[in-house]
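Readers should treat all values here as calculations from the given coordinates under stated rules, not as data from a laboratory. What you are looking at is a predicted structure, and each value in this text was computed from that prediction instead of being measured. Heads up, the Cβs are rebuilt from the backbone with ideal geometry, glycines too, and the neighbour counts pull from every protein chain shown.
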Amino acid sequence: MHRTRFESIGSYTPTSIVSTDELINSLAVPRSLKLEALTGIRNRRVYNCDPDAYESSFDLARNAIDDCLARSGYAAAELDIVISASITRTKGAGQFCFAPSFALMLRNAIGAQAARYFDVSNACAGMVTGIMVLDRMIKAGVVRNGLVVSGEQITPIAETAVREISEPYDPQFAALTVGDAAVAVLLDGRGDDADEIHYVELMTSAEGAEHCIGMPSDRSNGMAMYTDNRAMQTEDRYRQGIARLEDYLRGNGSDWRNEEYDFWIHHQFSAPAIEYIAKLAEEHFATPMPEALNVLQEYGNTASTSHFLVLHEHLGRKHIPQGSKVLMIPSASGTVSGYLAATISRLAA
């Protein structure tokens, strides 16, 4: 069976920066809200809305692919498959595209005409979902390599929230944490002990399906996200995710200590919550967590792109030595949880 690895990684973030203070001060109904203290998010990147330089989610994704291929040993024409994992699928101002697939349009744009293509949709776990599917396809010998990409032009939900928030506890508050970004990763079956995706697993707890929903606003012309944070982010849910990882490791003849992770990356939604999850994990496994990697302070919650934006940024800072073992913990509305572990040597940013 082939051993999969991350062969290359690319990212793109818009140049425009909006601070949390600016966002709070622009609320239609002014109020005191210490959002930065609650989330740890100071800034976020926001797409260019100038008609002459407009940045749709397609444009963001295309830029990330270009960055990825520039670092790859493969040309676009050599790709066997392109998988798009974007939540947002805009092709222009106010233009939402669901057919043809984003993967097909991106494949054609980069000249990968020989590649198969399809979209996956799994909220903020979209990139990890695409990687899980591609990992299985490579190991089964269906394809030799492939690209997983997501471009998230998601700050329009923050624009809607700014217009509509009026209550002390409003279901659109979480929309104020998001930022725009794109990432792309290329996988192949040439892994070895120094460079390998060890496992990637996902699970869904359907009882949380109504706790975070993206949809057209019920009050104005715009996209909105409605989140019940009190129901979605609970200690029981955090502990369930930790226990599932332990069960998986035991089922494969391992345990937390044997894994020897060097770093871990959680979905970038709240710094205090991530710290709390680390505390619960340390209590559960009776051992310290590996070093946490985050970029939410400057980029916010970038939806499906968050784990690989973190990875790309810290690779660029030379913070991740070759041969490091990284654990990623996805978290998404649905409610989706899981884990991805990989040893990384080939990647550079």
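Exposure proxy for Arg230, Arg42, Arg107: other Cβ atoms within 10 Å of each Cβ, ordered fewest to most, give Arg230, Arg42, Arg107. Using a ≥ b ≥ c from the Cα gyration tensor of region 5-188 (square roots of the eigenvalues), is it rounded, prolate or oblate, where a/c under 1.5 gives rounded and otherwise the larger of a/b and b/c decides, a/b for prolate? Because a/c hits 1.5 or more and a/b exceeds b/c, region 5-188 counts as prolate. Neighbour counting of Cβ atoms within 10 Å sorts the residues Asp188, Asp52, fewest neighbours leading, into Asp52, Asp188.
Among the chymotrypsin sites (Phe, Trp or Tyr not before Pro) found in region 151-238, those both in a DSSP coil and sparsely packed, with 14 or fewer other Cβ atoms within 10 Å of their Cβ, are Tyr169. Quotient of the Cα radius of gyration of region 121-185 and 2.2 N^0.38 Å, N being its number of residues: 1.58. Entry for region 34-91 at q = 0.20, 0.29 Å⁻¹: log10 I(q)/I(0) = -0.91, -1.16, Debye formula applied to identical alpha-carbon scatterers, no solvent contribution.
Taking other C-beta atoms within 10 Å as the exposure proxy, His312, His284, His211 rank His284, His211, His312 from fewest upward. Sites listed here are GluC sites (Glu not before Pro) in region 258-349 whose DSSP assignment is loop and whose Cβ has at most 13 other Cβ atoms within 10 Å: Glu260.
Evaluated over the chain, the count of Lys pairs having alpha-carbon atoms less than 29 Å apart is 4 (only pairs 8 or more residues apart or interchain). Compactness of region 196-344 is given as radius of gyration and Dmax, 16.1, 53 Å, from Cα positions.
Restricting the calculation to Cα atoms, every distinct pair contributes to the Kirkwood radius of region 86-153, found to be 12.8 Å. Among the GluC sites (Glu not before Pro) within region 26-90, not one is in coil by DSSP while having at most 12 neighbouring Cβ atoms inside 10 Å. For the chain, the spread of Cα positions along the three principal axes, ordered from largest to smallest, is 57, 51, 37 Å.
So how far, in whole Å, is the C-alpha centre of region 136-161 from the one of region 265-282? Here the answer is 23 Å between Cα centres.
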